[in-house]
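To start, the structure itself, in structure tokens.
The values are calculated or read from the model by the stated rules, or taken from the named source; none is laboratory data. Everything quoted here is computed from the prediction, not taken from an experiment. As a convention, Cβ positions derive from the backbone with ideal geometry for all residues, glycine included, and neighbour counts pool all protein chains shown.
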Amino acid sequence: MRSLDFFGKGEKGGAGFAASSARPDVLRRKTIANNARLMIAFAALAMPFAMWALLAKASLGFALACLFLTGGMLSLAFFHRARHDEAAFIQAGTIMGGGIFLTLIDSRFADLGLAVTVLGPVLTALLLGRRARMLSWIAVAASIFVGWTLSFYGFPQDASLAHQATIAGGAMFAASLLLVAHTTHHINAGYVVHDKAQVNAYRHLVENIQDTVICFSLDGDVLTTSKSAETLFGCPRYQITAATLGERLHVMDRPAYLTAYADANQGGKNRTIEVRMRRDDPRSGTAAPQFIWVEVRFAPISSDATSDRYEVTALLRDVTERKDAEAAMMNATRAAEDASDAKSRFLATIGHELRTPLSAVVGFSEMMTTGIGGELSPTHREYAGLIHQSGRHLLDVVGMLLDMSRIEAGKFEISTARFDANDIVRPCFAMVDSMAKGRNVTLYAEVEANLPGILADERACRQILINLLSNAIKFSHENGTVTLVVKRQGTAISFAVRDQGIGMAPMALERIGEPFFQAQDGLNRQYEGTGLGLSIVKGLAELHGGTLRAMSEIGAGTTMTVLLPINGPATKIEDTVAVIPLHREQMTAPNTSWQNEKRKAQ
């Protein structure tokens, strides 16, 4: 049986109508009000006859008329107070009360009373929720039980009462039946209004949505097509059929399309694919077809039918611009990678080409300063010393360029071995001692006792410390202090170099480790350098599975810290601790290039 509860009533009998069900809700309220007025009208029409019967000492008709009148007036009063559920419950209760009253009056009329009583749950089912329906049927069951009990134990028989019950009960049954019929008629009207509203809303949505909507039948025929299909395919939508859609598909994409459609049509699964489809251009004079990328989403429509196939709704969207942007991004990334590789090859080539002549310059200038080629005058000796010093500087720059190019190319190989971190402190201090003395900078070392041996490339670790110490000395003030602190920090060894120099701004700290970056990068900068020292330090630390950290404050100095795992790049769990991963990044599927496919399509 249809009920206005279909339109959104709650489990407890509340109205609970959604905004989209406004009209059925209004119809329900009007039906309740009309039922109350009808009950009052029926009672008013029957009241003169009931009062005439009352004068003849036949009070049953008068009692039922009063019951109907009271129920109608109470229901109308609750309705005007916006208590619609209570008003509907009073109407159903009035009908059921009259039926129960007829059953109790005379057991011979239990069938008539039961017929009237059953109309109460029918009215409840039409207007109220599940809880009210359950209560009404419980009342019917109680009425049947009472009537059966009275008939079993006997009931006083009265011929005059039987005549009254026949007339009054028949009138009440007719009135209750008209009330239920009136409610049913209005409910059917509510269904019609609701169905039309839903269909109109669906049509409006399909016709005005930007994406193209195509509905397929069980056999794969096109049932409806939205207006946007004309823009997508460049043809009138009446020309779009199942056969023409197959013809518009690119040959390479037809298997994927058919597989996805079969999964939705036969398997009832949602599928999303991207295919190339032909778009017609009536204004174009060329015969070459134009293919666009279309995202197709197949969604099966659930049905109660016993067929093993489903009707399918397809949502089509033009994603050509996105695919072009992805291809352009891939090309730009590839171009950037090629440029980076070209830069690395250029630096490596130039470095190797410069190292040989520079080695000769350094070697011969050193021979000249030592007097191997003959005694030099003081001026010539000074010039030879400057040549030697400049050559050594160029060799260091070339060496850093080569190291940086190898690190970026992934060709810098480290050879790990176990050694004590304390063993490399003194040699590194000796390498930068002359530089420190030239600036009157004092070097200090604080090495924690009983440090475990570290598994790392000793040569790379020496280079890390030398670069950090050189950097700290270069940016320290005259008569300043540079401190190297070596200690254990968890499963790593910490090498921290602290100076009291000029410091760095927060913006510069964020770019620490970038190749060729310097805090002072103008032509009139005060400090020399290529900006490769810290980038090499960062690269070498990452090759060991370590990190580079920086803390600085302008005017107060800088602390550069390198953390290297005790057990090297491949940490041995039995030597340290087991680490539980809290988050794991999912592997992203590689983007496939479609430029060649697009070229084939065109």
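Things worth noting here:
- The range 40-58, residues that are closer than 21 Å to Met96 by Cβ and either buried (at least 20 other Cβ atoms within 10 Å of the Cβ) or at pLDDT below 80 (or both): Phe42, Ala43, Ala46, Ala50
- Qualifying residue in the range 442-449 (condition: out of contact with any Pro (no Cβ under 9 Å at 6 or more places or on another chain) and hydroxyl-bearing (Ser, Thr, Tyr)): yes
- Number of the exception - Asp423 against (1) assigned to a loop (DSSP other than H, G, I, E, B); (2) within 20 Å of Leu563 (Cα to Cα); (3) charged (D, E, K, R): (1)
Matching residues to (1) on the phi > 0 side of the Ramachandran plot; (2) in contact with an Asp or Glu (Cβ under 7 Å, 6 or more places away or on another chain); (3) free of Cβ contacts under 8 Å to residues at least 60 places away in the same chain; (4) not assigned by TED's automatic domain parsing to the domain that holds Ser476:
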{"residue": "Ala421", "(1), (2), (3), (4)": "no, no, no, no"}
{"residue": "Val425", "(1), (2), (3), (4)": "no, no, no, no"}
{"residue": "Ser434", "(1), (2), (3), (4)": "no, no, yes, no"}
{"residue": "Asn440", "(1), (2), (3), (4)": "yes, yes, yes, no"}
{"residue": "Pro452", "(1), (2), (3), (4)": "no, no, no, no"}
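- Filter result for Ile414 (modelled with pLDDT of 85 or more and either within 49 Å of the chain's Cα centre (by Cα) or over 30 Å from Ser344 (Cβ atoms) (or both)): no
- Of the residues making up the range 520-577, just one is at pLDDT below 55, more than 38 Å from the chain's Cα centre (by Cα), of a type in the set (Val, Ile, Thr) and farther than 16 Å from Asn471 by Cβ, namely Thr576.
- Residues (within 20 Å of Asp318 (Cα to Cα) and out of contact with any helix residue (DSSP H, G or I) (no Cβ under 6 Å at 6 or more places or on another chain)) located in the range 195-215: Leu205, Val206, Glu207, Asn208, Ile209, Gln210, Asp211, Ile214, Cys215
- Search result, residues across the range 83-98 that are free of Cβ contacts under 8 Å to residues at least 12 places away in the same chain and either assigned to a helix (DSSP H, G or I) or touching a Lys or Arg at 6+ places or on another chain (Cβ under 9 Å) (or both): Glu86
- Index of the failed condition, Ser228 passing every other in (1) in contact with a strand residue (DSSP E or B) (Cβ under 7 Å, 6 or more places away or on another chain); (2) within 30 Å of Ser307 (Cα to Cα); (3) free of Cβ contacts under 8 Å to residues at least 60 places away in the same chain: (2)
- Residue that is of a type outside the set (Gly, Ala, Ser), crowded, with 20+ Cβ neighbours inside 10 Å and within 24 Å of His204 (Cβ to Cβ), where the choices are Val275, Val222, Val312: Val312
- Residue check: Arg23 meets all listed conditions (1) modelled with pLDDT of 80 or more; (2) within 60 Å of the chain's Cα centre (by Cα) but one, namely (1).
- Candidates Phe429, Phe516 - the one that is in contact with a helix residue (DSSP H, G or I) (Cβ under 9 Å, 6 or more places away or on another chain) and either assigned to a strand (DSSP E or B) or modelled with pLDDT under 80 (or both): Phe516
- Checking each residue in the range 235-251 for being closer than 14 Å to Val294 by Cα and touching a residue at least 12 places away in the same chain (Cβ under 8 Å) picks out Leu245, Arg248, Leu249, His250.
- Exclusive hit being at pLDDT below 70 and either in contact with a strand residue (DSSP E or B) (Cβ under 8 Å, 6 or more places away or on another chain) or among the aliphatic types (A, V, I, L, M) (or both), set Leu386, Leu401: Leu401
- The sole residue among Arg355, Arg276, Arg297 that is modelled with pLDDT of 90 or more, of a type outside the set (A, V, I, L, M, F, W, C) and touching a helix residue (DSSP H, G or I) at 6+ places or on another chain (Cβ under 6 Å) is Arg276.
- Screening Thr272 against (1) of a type in the set (Ser, Thr, Tyr); (2) in a helix (DSSP H, G or I); (3) touching a Lys or Arg at 6+ places or on another chain (Cβ under 6 Å) leaves a single unmet condition, (2).
- Within the range 421-441, the only residue that satisfies the criterion of being exposed (fewer than 14 other Cβ atoms within 10 Å of the Cβ) and either among the β-branched types (Val, Ile, Thr) or farther than 30 Å from Glu478 by Cβ (or both) is Asp423.
- Lone unmet requirement of (1) among the charged types (D, E, K, R); (2) modelled with pLDDT under 75; (3) touching a helix residue (DSSP H, G or I) at 6+ places or on another chain (Cβ under 7 Å) for Glu366: (2)
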